[in-house]
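Let me begin by presenting the structure, written as structure tokens, before commenting on it.
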Amino acid sequence: MKKSISILFFSFSILFCYADVGMWLPILLKQKETEMQKLGFKLTAEDVYSVNHGSMKDAVVFFGRGCTGEIISNKGLILTNHHCGYSYLQRLSTLENNILHDGFWAASEKDEIRCEGLTVTFLVYMEEVTHEILQNVENAKDLQERDQIIEKNIEGTIAKAIEGTDYSAIIKPFFYGNQYYMFVNRVYPDVRLVGAPPENIGKFGGDTDNWMWPRHTGDFALYRVYANRDGEPVPYADDNVPLKTETFFPISIKGIDEGDFTMVFGYPGTTQQYLISDGIDLVVNHRNPPLIHQRGARLDIMKKYMDLSPEIRLMYANKTNTISNGWKKAIGENKGIKETKILHRRDKEEKYLEFFASQSADATNRYQLLSEIKALYETYRELETKAVTLRETFPAIELGKFIETVRPLLREPYPWSAESKAKLLRHAEKFYPTYYKPIDKEVFVELLDYYFNFTKKEWIPASLQKYAGIDREILQAMAKQLYDHSVFASAEKFTKFVETASKKEIANIHKWLNENTMFLDADLALAALNKNSYTENTLPNIRRQIDAKYKYWVASAAADPTGRFFPDANLTLRVAFGKMEGFSPYNGMVYLPYTTTDGILQKENPDIFDYKVDRKLRDLIIYKDFGNYADANGEMRVAFIASNHTAGGNSGSPILNGNGELVGINFDRAWEGVMSDLHYDITRCRNISVDIRYILFIVDKYAGAQRLISEMEIRK
Ligand code: ASP
């Protein structure tokens with residue numbers, strides 16, 4: 001009897017490790033090589049990642065601060081998603097020269113435009129440094145001392161690795177600190193825009209289609225990395241030259257079909273595959289709901305005004321993009337978790353553990369650990385709910401945020417120095433031109449009404465309790481006072497005030513600031529929750545304690561010699577592999593694995609901004625003028641889905657065929673599987689990519705940018 005129970009328990013203990021499919025560290029890919037080859041991969045792990053000779057990893061870059069890009073010529077040409085460089089496209093756009101709306105194609109290298117602040121990062125090498133980082137930690141008396149030792153070890157290891165080079169390095173924990181890896185990088189700060197399609201191609205379908213299949217979005221843009229003549233990373237300079245890139249991805253226009261091997265190579269941001277049921281519950285029932293409500297309210301207001309004028313659209317394009325992406329993802333995540341019943345399943349597995357705990361010592365220990373994690377979640381839930389409601393409310397009100405930015409300067413005593421005045425004016429110059437008052441005034445009322453009237457009273461910090469239950473009419477009156485009558489009402493009013501304020505006026509603003517502390521109190525409450533303390537009840541402290549327990553919870557997965565378990569994504573380079581395949585999202589429904597340009601014409605609607613199709617594209621599609629890029633049936637493929645495990649950050653990642661040739665770029669996931677950061681389900685999780693042939697068709701036939709085509713290695 002005892003024996004059969006322990007066998008049973010062993011199988012359950014595998015269940016408790018949860019993760020499936022995976023995002024693999026390229027350095028460990030050897031473990032996956034046979035599996036990949038069985039699926040159709042014709043190369044080796046060494047071709048993907050090698051420190052001895054050029055390998056695929058040399059052609060994959062971390063683009064900006066959260067995306068992936070790939071090198072597609074020997075002159076540093078980078079392909080990534082349109083949405084990855086969206087903020088740069090917006091910043092470079094004016095109403096007269098509207099790159100977002102009209103697209104941009106540099107006629108020659110000298111027309112390529114500098115994107116200030118944009119960097120691309122090449123991985124030089126990675127290595128496991130667990131031993132170095134965990135040295136001496138066993139002597140630590142508590143978590144704080146342990147962290148200090150780790151911090152010191154990290155600093156020392158990095159310093160040694162980059163000494164005498166122009167590299168930078170970063171060390172990250174894996175499996176909650178069971179392992180550590182170092183990534184040694186070379187960061188290039190001169191990156192220029194080469195080409196981008198207009199928004200009605202690059203963002204076709206807009207927020208409506210975002211996170212959805214079937215998709216018809218040409219989500220791509222081209223950039224180039226520049227360096228000095230020796231190929232070294234240097235800041236922007238006129239005489240910088242395109243970086244010579246010996247390793248780049250050849251492009252296949254043979255295309256792929258259902259069942260063909262696919263591989264995604266890039267920088268997935270965050271996954272949490274090993275959470276216990278309380279962890280999933282925290283995300284779907286406590287973090288996502290207030291986020292969904294507050295962002296949804298903001299978006300409705302913003303969109304209403306954006307439809308009124310191109311100027312407002314341009315002003316709010318990037319803001320809505322960012323808000324909306326996370327908002328819709330949270331909705332999809334909750335839906336996916338509910339439909340896959342994963343919360344219920346994990347809860348049940350945990351109940352099994354409880355049952356077996358009385359029968360085996362192993363199970364007792366594990367159950368003990370589980371109970372400790374669960375107990376910590378009680379505090380975590382409460383802190384997180386308070387923080388997320390605050391975070392999605394107060395910093396989202398633009399004028400409130402501006403007032404808090406300038407508050408310390410305004411609080412200075414009379415007379416204000418020339419330097420303080422100049423600083424205030426600079427803040428105003430930055431803020432007012434990208435802010436549209438009627439939007440923010442409505443957002444103010446909507447968000448505060450929800451916060452003070454529809455969230456739980458006990459979540460509201462003491463300093464804000466006086467507003468709990470406040471009448472909407474009073475909020476409207478407050479908004480009128482602030483947005484129409486205060487010195488913050490307009491750029492002109494604020495500028496005049498700063499330039500001419502008398503002693504009395506400065507005394508008045510001090511009084512006003514002393515009396516109007518709602519935003520300040522919210523900021524302070526949020527800062528208190530986020531304080532990096534080892535003794536108080538704060539989010540970093542509780543997370544640290546939970547993670548320290550998870551370290552033991554996932555230890556068996558980390559130590560598994562067969563390499564079945566992958567470490568959660570943490571914005572480090574990973575390989576995901578699978579195949580091009582459709583799926584059945586719901587009973588009685590089937591999704592085909594690819595879309596064609598026919599779908600663009602079906603979706604076309606001249607009255608809806610996101611579905612406008614311009615004449616040139618429409619003609620090319622109608623007359624099937626697809627150049628070399630049509631498929632065997634003479635159709636133009638736009639996007640396809642595949643079973644590669646991806647996450648945010650994989651946006652822009654190369655999607656490669658079995659020969660390591662570029663067949664597309666990853667840009668999204670299908671709605672029914674958006675919960676894959678918490679639970680990957682192969683039956684419904686699919687990543688979405690733009691077919692490389694559609695990209696080439698747009699560059700070549702639509703934009704006429706043959707100079708770029710001739711730089712690439714295109715294989716038929
Ligand atoms: N479209 C997604 C994003 O922007 C990419 C993904 O998460 O799959 O985050």
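The values are calculated or read from the model by the stated rules, or taken from the named source; none is laboratory data. Remember, predicted model here, so these are calculated numbers, not experimental data. FYI the Cβ positions are ideal-geometry reconstructions off the backbone, even for glycines, and counts take in every protein chain you see. Note: areas computed on protein heavy atoms with side chains; ligands, DNA, RNA excluded. Shrake-Rupley method; radii C 1.70, N 1.55, O 1.52, S 1.80 Å.
Residue count for the stretch 289-328 satisfying the condition of being within 16 Å of the ligand (Cβ to nearest atom), within 24 Å of Lys386 (Cβ to Cβ), out of contact with any helix residue (DSSP H, G or I) (no Cβ under 6 Å at 6 or more places or on another chain) and open to solvent by 40 Å² or more (accessible area, probe 1.4 Å): 1.
Within the stretch 171-189, being within 22 Å of Ala227 (Cβ to Cβ) and either aromatic (Phe, Trp, Tyr) or surrounded by 23 or more Cβ atoms within 10 Å (Cβ to Cβ) (or both) holds for Phe183, Tyr188.
With the requirement that a residue be assigned to a helix (DSSP H, G or I) and crowded, with 20+ Cβ neighbours inside 10 Å, what does the stretch 33-88 give you?
First pass over the stretch 33-88, keeping only residues assigned to a helix (DSSP H, G or I): 33-39, 45-48, 56-59, 82-88.
Met36, Ala45, Val48, Met56, Lys57, Ala59, His82, His83, Cys84, Gly85, Tyr86, Tyr88 - these are the residues of the stretch 33-88 that are assigned to a helix (DSSP H, G or I) and crowded, with 20+ Cβ neighbours inside 10 Å.
Among the residues of the stretch 458-474, the ones that are open to solvent by 80 Å² or more (accessible area, probe 1.4 Å) and of a type outside the set (Lys, Arg) come to 5 in all. Restricting the first member to the stretch 687-716 and to residues that are under 15 Å from Lys616 (Cβ atoms) and in a helix (DSSP H, G or I), and the second to residues that are of a type outside the set (Asp, Glu) and open to solvent by 30 Å² or more (accessible area, probe 1.4 Å), the beta-carbon pairs closer than 7 Å and six or more apart or on different chains are Phe697/Gly627; Asp700/Gly627; Asp700/Gln706; Lys701/Gly627; Tyr702/Lys616.
Can you work out which of the residues in the stretch 680-692 that are closer than 29 Å to Tyr629 by Cβ and among the aliphatic types (A, V, I, L, M) is farthest from the ligand (Cβ to nearest atom)? Full working, then the answer.
Here is the first cut: in the stretch 680-692, the residues closer than 29 Å to Tyr629 by Cβ are 685-692.
From what is left, the residues that are among the aliphatic types (A, V, I, L, M) are 688, 690, 692.
On the way: Ile688: 8, Val690: 12, Ile692: 18 Å.
That would be Ile692.
Only one entry in Tyr49, Tyr18, Tyr86 is at pLDDT below 95 and of a type outside the set (A, V, I, L, M), namely Tyr18. Counting only residues that are buried (at least 16 other Cβ atoms within 10 Å of the Cβ) and aromatic (Phe, Trp, Tyr), the stretch 235-258 holds 2 of them.
Return a yes/no flag: does the stretch 221-237 have any residue that is within 16 Å of the ligand (Cβ to nearest atom) and over 24 Å from Tyr49 (Cα atoms). Spell out the reasoning first.
First pass over the stretch 221-237, keeping only residues within 16 Å of the ligand (Cβ to nearest atom): 221.
Adding the requirement that they be over 24 Å from Tyr49 (Cα atoms) leaves 221.
Yes, the stretch 221-237 has at least one match.
One residue stands out in the stretch 190-212 among those that are open to solvent by 10 Å² or more (accessible area, probe 1.4 Å) and within 15 Å of the ligand (Cβ to nearest atom): the one that is nearest to Gln90 (Cα to Cα), namely Lys203. When restricted to residues that are assigned to a loop (DSSP other than H, G, I, E, B) and away from the ligand (no atom under 16 Å from the Cβ), the stretch 631-679 contains 11. Out of curiosity, is Arg215 crowded, with 20+ Cβ neighbours inside 10 Å, at pLDDT 95 or above and in a helix (DSSP H, G or I)? Here the answer is no, as Arg215 does not meet what is asked.
Taking first residues from the stretch 316-329 that are over 14 Å from Tyr86 (Cα atoms) and without any contact (Cβ under 8 Å) to a residue 40 or more places away in the chain and partners that are away from the ligand (no atom under 13 Å from the Cβ) and open to solvent by less than 50 Å² (accessible area, probe 1.4 Å), the Cβ contacts under 8 Å between residues at least 6 apart in sequence or on separate chains come to Gly326/Leu291; Gly326/Arg295; Trp327/Leu291; Trp327/Ile292; Trp327/Arg295; Trp327/Gly296; Trp327/Leu299.
Can you find a residue in the stretch 141-163 that is outside any helix (DSSP H, G or I) and not charged (D, E, K, R)? Spell out the reasoning first.
Within the stretch 141-163, the first condition is being outside any helix (DSSP H, G or I), and the residues that meet it are 141-142, 163.
In the following step, the residues that additionally are not charged (D, E, K, R) were identified as none.
Checked the stretch 141-163: no residue is outside any helix (DSSP H, G or I) and not charged (D, E, K, R).
Number of residues in the stretch 599-634 that are hydroxyl-bearing (Ser, Thr, Tyr) and open to solvent by less than 90 Å² (accessible area, probe 1.4 Å): the value is 2. Each residue in the stretch 51-72 was checked for being out of contact with any strand residue (DSSP E or B) (no Cβ under 9 Å at 6 or more places or on another chain) and within 17 Å of Leu243 (Cβ to Cβ), and 1 pass.
Condition check ((1) exposed (fewer than 13 other Cβ atoms within 10 Å of the Cβ); (2) in a loop (DSSP other than H, G, I, E, B)) across all residues:
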residue	(1), (2)
Phe497	no, no
Asn508	no, no
Lys511	yes, no
Phe519	no, no
Asp523	no, no
Ala527	yes, no
Thr535	yes, yes
Asp547	no, no
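Across the stretch 706-716, the number of residues qualifying as in contact with a strand residue (DSSP E or B) (Cβ under 7 Å, 6 or more places away or on another chain) and either open to solvent by less than 10 Å² (accessible area, probe 1.4 Å) or among the basic types (Lys, Arg) (or both) comes to 2. The residues listed here are Thr562, Thr595; of these, the one that is under 18 Å from Arg693 (Cα atoms), away from the ligand (no atom under 16 Å from the Cβ) and either part of a strand (DSSP E or B) or modelled with pLDDT under 95 (or both) is Thr595.
Based on this model, can you work out whether Gly336 counts as within 16 Å of the ligand (Cβ to nearest atom), among the small types (Gly, Ala, Ser) and in contact (Cβ under 8 Å) with a residue 40 or more places away in the chain?
Spelling it out, Gly336 is indeed within 16 Å of the ligand (Cβ to nearest atom), among the small types (Gly, Ala, Ser) and in contact (Cβ under 8 Å) with a residue 40 or more places away in the chain.
For the stretch 380-390, the criterion of being of a type in the set (Phe, Trp, Tyr), under 27 Å from Thr271 (Cβ atoms) and either within 16 Å of the ligand (Cβ to nearest atom) or surrounded by fewer than 19 Cβ atoms within 10 Å (Cβ to Cβ) (or both) is met by no residue.
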